[in-house]
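First up is the structure itself, then whatever we jot down about it.
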Amino acid sequence: MMRWKKADQWLLQKCIGGVRGMWRFYSYLTGSAGEELVDFWILAENILSIDEMDLEVRDYYLSL
């Protein structure tokens, strides 16, 4: 578990707490290794959210 200080939480909220901040963060990551890491993280979250025992989504689960 990460231990965020109040100042860190405030800075994070200011930087990516809104649409403009998210777009700036996205443009910062574009074309870098960070972009690949974020893509991997999103894919991992998608995989973890799937019920692999559900026959209707099993093929999708296996394709990921």
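Potential lengthening of the chain between Val19 and Val57 amounts to 10.5 nm, from the contour at 0.36 nm per residue minus the alpha-carbon distance. The portion of the accessible surface of region 6-63 made up by carbon and sulfur, rounded to a whole percent, is 62 (1.4 Å probe; DNA, RNA and ligands excluded). Annotation: Cα Rg of region 6-63 relative to the compact-globule expectation 2.2 N^0.38 Å equals 1.56.
Our coupling estimate for region 47-60, obtained by passing each phi through the Karplus curve with A = 6.51, B = -1.76, C = 1.60 and θ = phi - 60°, is 5, 5, 8, 8, 7, 5, 8, 6, 4, 5, 10, 4, 4, 4 Hz, Gly and Pro reported as x. The label-point distance for Ser32 and Glu45, in a model that sets each label 7 Å from Cα toward Cβ, rounds to 1.9 nm.
The charge dipole of the chain, taken about its Cα centre with unit charges on the Cβ atoms of Lys, Arg (+1), Asp and Glu (-1) only, comes to about 820 debye. Think of a 1.4 Å ball rolled over the protein heavy atoms: the chain then has 98 Å² of accessible area per residue. Once both axes come from the Cα atoms, what is the angle between helix 6-16 and the longest principal axis of the chain, in degrees from 0 to 90, rounded to 10? Between the helix axis and the principal axis of the chain, the angle is about 70 degrees.
For Ile50, no residue whose modelled amide H falls within less than 5 Å of its own remains once neighbours fewer than 5 places apart on the same chain are excluded. When nucleic acids and ligands are ignored and a 1.4 Å probe is applied, Leu37 ends up with an accessible area of around 120 Å².
Would you work out which of Ile42, Leu62, Tyr26 lies farthest towards the positive end of the dipole of the chain, given +1 charges on the beta-carbon of Lys and Arg and -1 on that of Asp and Glu, about the Cα centre? Farthest along the dipole direction, towards plus: Tyr26. Working note: 222 nm ellipticity from helices only, DSSP H runs with n ≥ 4, each -39,500 (n - 2.57), summed and divided by the residues of the chain, gives -21000 deg cm²/dmol to the nearest 500.
The values are calculated or read from the model by the stated rules, or taken from the named source; none is laboratory data. Values in this document were obtained by computation on a predicted structure and should not be read as measured data. Reconstructed Cβ throughout: ideal geometry from the backbone, glycine too, with neighbour counts over all protein chains shown. SASA here: full protein model, heavy atoms, side chains in, ligands and nucleic acids out. Shrake-Rupley method; radii C 1.70, N 1.55, O 1.52, S 1.80 Å.
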